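Following: one structure in structure tokens, then a few remarks.
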Amino acid sequence: MAFIALGVTGGIGAYKAVEIARGLQKNGHDVVAVMTRSATQFVGPLTFEAITRRAVITDQWQAGANADIEHISIASTIDLLLVAPATANTVGKFANGLADDFLSSLFVATRAPVLIAPAMNTNMFEHPAVAKNLATLIARGVHVVDPGSGYLACGWIGKGRLAEPEDVVAAAEQLLRAKTSALGAPKPPGDGGTLAGRRVLVTAGPTFEDIDPVRFVGNRSSGRMGYALAAEALRRGAAVTLVTGPTHLTPPHGAETIAVRSAAEMHAAVMARAADQDAVIMAAAVADYTPAEPASQKVKKTGGDLTITLNRTKDILADVGRLPSRAQGVPVLVGFAAETHDVVAYAQGKLEKKAVDLVVANDVSRAGVGFDVETNAVSIVSKAGVEDVPLQSKSAVAARVLERVEQLLIAVPARHAAAKA
Ligand code: CTP
């Protein structure tokens, strides 16, 4: 059971917050409702009081609220601050650290995880100021349940409607689970875990492109980063498929492992499974070119030079990015980029070109980074910005990448189920 502050702000979706309060209570949580002044124009505080069986906080200055400096005392005792609906005004206040009422003061004062469910008119949602405020909050670790699309109360049709109450409750539950498991020991697969019930496909290692039965074109990838990601996803309770090129590593226990050799084989293995995944993480160093006509017999040397024509391989990451379900963000898609210069700029280019959620970019010219070492330092590039992850073990980097994947999964909790239906 968790103690949850449910912030309700002044949007037409405020009535749905009643269902959210009820859902959280049904799951055994203790909920205190915090309403802004304009929220009370849409729903009466008595409704929340009856459901939560707690006094509703509507005013920073109400009698009793200061006996124990309530916004500080609640701030330090809650396990989660959930704000649904979150108006453009509240999102703006949170992003800028303004604290002119109880809810915004609570946001600044608490160190509990924060989940917001924005709801507003489409144009407001798309306004660059609102988009920037949301990006700021996401970059600071605030979790967001995306609004739905459809008919809005203002008569418009578009994105902005408060997410469905059950999706908001599911996102809250996932966040609470993540918090508990971050505090305790990692859970084995099938025993909960932050990725329990999720399917994650990871690619790893190089691909070998055959020239003839004894020679190939390959690269220096050891597979360590991909294997670390697979191990970490298993530790978090996911069902993991590891599609691996040739490596000397032992696959982590519990992963379904599919060994492939060439880019074409990896393409076939990934595409056959991608639509069933919640997340696809392409850590493999896939060959961009393959011999046009591999010889069936060993090529014998001659006196002169040898020219081999190479054809472009299929881009697996880009093909997964083109799956129809990607329009709903399913599966969450992570690409890798190994560069020797202009690392972040190239990664930003890949983000757009391959329609992926995150690009994990590393500068392989740096000591301790890249091929055949145990450590890595990366920049995780997304639309929300760039997160620099300093030099550390590949498993610690894998943990950070999976935390970011989990955040993306929280944003639309039911999308995998919806896409499969
Ligand atoms: N990738 C892929 N299929 C390919 C090639 C690459 O899925 N045929 C994936 C890799 O697994 C990695 C990302 O794409 O996640 C790397 O992007 P890419 O543009 O191929 O990187 P580079 O080859 O390093 O880029 P460039 O040649 O543009 O410098």
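Scan the stretch 235-249 residue by residue and report those that are buried (at least 23 other Cβ atoms within 10 Å of the Cβ) and either outside the structural domain of residue 285 (by TED's automatic domain parsing) or over 20 Å from residue 405 (Cβ atoms) (or both).
245 - this is the single residue of the stretch 235-249 that is buried (at least 23 other Cβ atoms within 10 Å of the Cβ) and either outside the structural domain of residue 285 (by TED's automatic domain parsing) or over 20 Å from residue 405 (Cβ atoms) (or both).
Step by step: first the residues of the stretch 149-179, then only those that are at pLDDT 90 or above and of a type outside the set (D, E, K, R), then the one that is surrounded by the most Cβ atoms within 10 Å (Cβ to Cβ). Which residue is that?
Looking at the filtered set, the residue picked out is 172.
Check 339, 293, 265 and return the single one that is farther than 25 Å from residue 406 by Cα and near the ligand (Cβ under 10 Å from one of its atoms).
Just one listed residue meets the conditions, 339.
Consider only pairs whose beta carbons are under 7 Å apart and that are at least six residues apart or on different chains; among these, list those whose first residue lies in the stretch 248-270 and is without any contact (Cβ under 8 Å) to a residue 60 or more places away in the chain and of a type in the set (Gly, Ala, Ser) and whose second residue is more than 12 Å from the ligand (Cβ to nearest atom) and assigned to a helix (DSSP H, G or I).
Listed by first residue and then by second, the contacts come to 255/230; 255/234.
Here are the criteria: (1) out of contact with any helix residue (DSSP H, G or I) (no Cβ under 9 Å at 6 or more places or on another chain); (2) more than 12 Å from the ligand (Cβ to nearest atom). Tell me which single one residue 279 does not satisfy.
Only one criterion is unmet by residue 279, namely (1).
How about the stretch 349-369: which of its residues are more than 10 Å from the ligand (Cβ to nearest atom) and modelled with pLDDT of 85 or more?
351, 352, 355, 357, 358, 362, 363
Contact list please: Cβ distance under 6 Å, first residue in the stretch 338-366 and over 25 Å from residue 278 (Cβ atoms), second residue part of a helix (DSSP H, G or I) and within 12 Å of the ligand (Cβ to nearest atom), pairs at least six apart or on different chains.
Listed by first residue and then by second, the contacts come to 339/346; 363/343.
Looking at residue 146, is it at pLDDT below 85 and under 19 Å from residue 382 (Cβ atoms)?
yes
Could you please find all residues in the stretch 250-269 being hydrophobic (A, V, I, L, M, F, W, C), crowded, with 16+ Cβ neighbours inside 10 Å and outside any helix (DSSP H, G or I)?
Those that are hydrophobic (A, V, I, L, M, F, W, C), crowded, with 16+ Cβ neighbours inside 10 Å and outside any helix (DSSP H, G or I): 255, 258, 260.
If only one of 338, 272, 347 is surrounded by fewer than 18 Cβ atoms within 10 Å (Cβ to Cβ) and of a type outside the set (Val, Ile, Thr), which one is it?
272
Starting from the stretch 373-385, keep only residues that are of a type in the set (Val, Ile, Thr), then list their pairs with residues that are in a loop (DSSP other than H, G, I, E, B) whose Cβ atoms are within a distance under 6 Å, requiring at least 6 positions of separation or different chains.
That search, which allows pairs on different chains as well, returns 375/368.
Taking the stated definitions as given, is residue 285 in contact with a Pro (Cβ under 7 Å, 6 or more places away or on another chain) and within 12 Å of the ligand (Cβ to nearest atom)?
For residue 285, the condition - in contact with a Pro (Cβ under 7 Å, 6 or more places away or on another chain) and within 12 Å of the ligand (Cβ to nearest atom) - is met.
Just to be sure I understand the filter: pairs with C-beta atoms under 7 Å, separated by 6 or more residues or on different chains, first member in the stretch 298-317 and more than 16 Å from the ligand (Cβ to nearest atom), second member in a loop (DSSP other than H, G, I, E, B). Which pairs pass?
So the pair list comes out as 298/213; 298/214; 309/292.
Please pick out the residue among 96, 66 that is at pLDDT 95 or above and surrounded by fewer than 16 Cβ atoms within 10 Å (Cβ to Cβ).
Just one listed residue meets the conditions, 96.
Can you find a residue that is in a loop (DSSP other than H, G, I, E, B), assigned by TED's automatic domain parsing to the domain that holds residue 378 and closer than 19 Å to residue 285 by Cβ anywhere in the stretch 224-234?
Taking every residue of the stretch 224-234 in turn, none turns out to be in a loop (DSSP other than H, G, I, E, B), assigned by TED's automatic domain parsing to the domain that holds residue 378 and closer than 19 Å to residue 285 by Cβ.
Residues of the stretch 99-124 being under 19 Å from residue 16 (Cα atoms) and in contact with a Lys or Arg (Cβ under 8 Å, 6 or more places away or on another chain), which ones?
The answer is 119, 122.
Looking at the stretch 121-139, I want the residues that are surrounded by fewer than 20 Cβ atoms within 10 Å (Cβ to Cβ) and have a partner that is part of a helix (DSSP H, G or I) with Cβ atoms under 7 Å, at least 6 apart or on another chain. Which pairs are those?
The qualifying pairs are 124/88; 124/130; 136/95.
The values are calculated or read from the model by the stated rules, or taken from the named source; none is laboratory data. Keep in mind it's a predicted model, so treat the numbers as computed, not measured. Neighbour counts are summed over all protein chains in view; Cβ atoms, including those assigned to glycine, are modelled from backbone coordinates with ideal geometry.
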